[in-house]
């Protein structure tokens, strides 16, 4: 089994002060959502920070196979320098609800589009949780995810993962 982080993308919940304000927030988030992020995204090791003590993968590719506004599916495959390989996958929606991560028993992720067009992922597992915010740039050819990982003792690590669209 390969031990590595799986990039998660989630969105923050928005609390509306009044019922009238809620539709405005939802409409803004819907307008900020890009048409689709389908495709293959390769981890750029030169622009990615690894956590202390964590081995950087030789290759990590996220294949987003469905993103139509209702269904969101992806598979991440990783190969380490010693040749060990593995994968995880997600099948759900970008609706803020947690869905299980195949290949990581007991883990879930939820995804949400934020009004500014970033994608937020919250991943929970037995060891703690990760909140990751991903920005898209360069004509949707670059994805940079800033993450905050918190363990059960409240210890926090931050890191950045950078992906190039293939």
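Remarks
- Test set (1) closer than 18 Å to residue 94 by Cβ; (2) over 14 Å from the mean Cα position of the chain (by Cα) - residue 122 fails condition number: (2)
- A count restricted to the stretch 31-60 and to residues that are loosely packed, with under 14 Cβ neighbours inside 10 Å and touching a helix residue (DSSP H, G or I) at 6+ places or on another chain (Cβ under 7 Å) stands at 0.
No value in this document is a laboratory result; all are computed from the given coordinates. This is a predicted model, so every value here is computed, not measured. Glycine gets a Cβ as well: all are built from the backbone with ideal geometry, and neighbour counts include every protein chain shown.
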